[in-house]
Each structure stands twice: as C-alpha cells, then as structure tokens.
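K.L.:
The following block contains the structure, expressed as structure tokens.
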Amino acid sequence: MGLSLLSALEIQGNETLIATYQDKESRKYGYTITHTEEKDYRSIVSGKPVYILQDDALAAGTDLMQQIKKVKLIPRKKCLIDMVAKDTTVKTVSSAP
C-alpha cells in the first residue's frame with residue numbers, strides 16, 4: 001500500500017482512531033485510520049478488507065499507525081508547505097498565534 005506524505009503528516013499531526021469494517025460480499029475485514037476531532041470521523045487511509053478476523057485488521061491498522069508516527073517527517077513538512085504554497089506566506093495550525 002502506498003501512503004502519501006500529506007496523509008502521513010495528517011496522521012502524525014492529529015488525533016486519530018483505528019476502526020474496522022467488514023465487506024458485505026467477502027465477509028473479510030479491513031481497517032481505516034480516521035481523524036477523531038471532526039464530527040464525522042473523516043478517513044485518512046483505509047486498508048483493503050483482506051483479514052478473516054476483525055482483530056487481525058485492527059492489529060494491522062494499529063501497526064501501520066505506529067510505524068507512521070515513528071517516522072521523522074517534520075523536516076519534510078516545510079518542504080511540502082513550500083511546494084504547495086509557492087510564493088505565498090503560509091502559517092500552519094501549529095504556528096498560528
């Protein structure tokens with residue numbers, strides 16, 4: 001599974017939750033990493049429903065989130081902001097007064 005830098009930064013910089021779901025046809029489980037601060041728990045990343053047991057899907061989602069939180073992405077954050085903002089001045093949420 002590929003994960004964008006922006007998605008990884010969202011996971012690192014926000015409260016997140018791992019949830020599981022079951023595919024109606026295959027009856028297998030998948031996981032999703034979601035924002036917990038928003039009203040509708042917006043999904044950041046989802047894993048395909050390939051797990052027979054719900055606990056396995058939850059463990060896979062938890063493992064992915066822990067791996068993402070360990071990666072040092074802060075140096076890449078400024079690069080991403082500069083790339084998106086180009087010549088404009090941008091303040092991130094964490095640097096806003």
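Taken together, the values in this text are just the output of simple stated rules run on the coordinates, not laboratory data. Given the structure is predicted, the values throughout are model-derived calculations rather than measurements.
K.L.:
Would you mind checking the pairs Lys28/Lys72; Lys24/Lys69; Lys48/Lys70 and listing those with alpha carbons more than 29 angstrom apart? Write down the numbers at each step before the final one.
P.N.:
On the way: Lys28/Lys72 33 Å; Lys24/Lys69 31 Å; Lys48/Lys70 23 Å.
Beyond 29 Å: Lys28/Lys72; Lys24/Lys69.
K.L.:
With a ≥ b ≥ c the root eigenvalues of the C-alpha gyration tensor of the range 1-74, is it rounded (a/c under 1.5), prolate (a/b larger than b/c) or oblate?
P.N.:
Details: a/c = 2.24, a/b = 1.64, b/c = 1.37.
In terms of gyration-tensor shape, prolate.
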